[in-house]
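These notes concern the structure reproduced below.
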Amino acid sequence: MSIAADPLFGIAVTVIVYAAFLWLQSRRTWVQPLLMTSAVIMLMLAVLRIPVEDYQKGGSWLSFLLGPATIALGVPIYKNAEQIRRSWKPILSGITVGALCGMLSAGLIVLCMGGADGMAWTIMPKSATTPISMEVSRLYGGYPELTAVLTVLTGLAGSLIGVPLLRLCGVRDETAIGVAIGTTSHGIGTARVLRDSEWMGAVSGFSMGLTGIFVSVLAFPLHLLGF
């Protein structure tokens, strides 16, 4: 337990387990390192009865690095800025339609199933990054903590099945894939497509940023319409 209380414990365990699954993914493409790392760490903490607070002493340092990692996604955007500028019409239209449809479909599904407005606003901003989705949820009567969970699950789902599903549906264009993943699966999905193509990563990162803005802006008129 004294070892578990050391901040290096949380950092070392997370990095080692994630590196192991990255290595396994290079041999088995179906492996999802982020999802499996989370599952293994949760199982380990439960079996060894290690308090989450002890793990978080080191895990919080990794959480802190999410900020610089997200900013680093701007590098491929900068490197491909001219090409993005030339393709701004299809990219912008895809982001706008994707953000709007994502919010409307989620809200309508909840309301049609008898859910309350608060639950609708809990799930509607799930395609934006976590800080934005939580704030939108809080402003319009949702449950921010549940929104955070749904946002992470949305990113994991997009990272895991987003690209294969798009290709199964006949989508092959890298720009279209980048817009779709960035608009729906934010940073987790962007990190996934960036490994396949710098251009897809650039478009996805750009789409992720604009989606956060669009979700924030679209929330107000949708609220006025009765959501």
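The values are calculated or read from the model by the stated rules, or taken from the named source; none is laboratory data. Here the structure is a predicted model, which is why all the values come from computation and not from measurement. Glycine gets a Cβ as well: all are built from the backbone with ideal geometry, and neighbour counts include every protein chain shown. Quick note on the areas: whole protein, heavy atoms, side chains included, nothing else; ligands and nucleic acids left out. Shrake-Rupley method; radii C 1.70, N 1.55, O 1.52, S 1.80 Å.
Side notes on the structure shown:
- Per-residue ³J(HN,Hα) for region 122-138, Karplus 6.51 cos²θ - 1.76 cosθ + 1.60, θ = phi - 60°, Hz, x for Gly and Pro: 6, 9, 4, x, 4, 8, 7, 5, 3, x, 6, 4, 5, 5, 4, 4, 5
- Charge sum, other residues only, whose C-beta stays under 10 Å from Ile177's C-beta, Lys/Arg counted +1 and Asp/Glu -1: -1
- Less than 5 angstrom separates the built amide H of Tyr143 from those of Thr122, all sequence-distant by 5 or more or on a different chain.
- Solvent-free Debye scattering, log10 I(q)/I(0), computed from the Cα coordinates of region 43-155 at q = 0.14, 0.23 Å⁻¹: -0.81, -1.18
- Per-selection Kirkwood Rh - region 166-227 (Cα, Å, 1 d.p.): 12.1 Å
- In straight-distance terms, cross-link reach from Lys126 covers every one of the lysines whose alpha-carbon lies under 27 Å from its own, apart from those fewer than eight places away in the same chain; here that gives Lys89.
- Most mobile listed residue (Gly209, Gly114, Gly142) in the chain, GNM with C-alpha springs under 10 Å: Gly114
- Choice from Leu48, Leu150, Leu35 showing the highest fluctuation, given a GNM over the chain with Cα pairs closer than 10 Å: Leu48
- Acute angle (nearest 10 degrees) that the helix 144-157 long axis makes with the longest principal axis of the chain, alpha-carbon atoms: 90 degrees
- Here region 7-83 is treated as an ellipsoid with the same Cα gyration tensor; its semi-axes, largest first and in whole Å, are 28, 18, 8.
- Per residue, the chain exposes an accessible area of 55 Å² to a 1.4 Å probe, with every protein chain left in place.
- Region 176-220-region 110-129 distance, computed between alpha-carbon centres (Å): 21 Å
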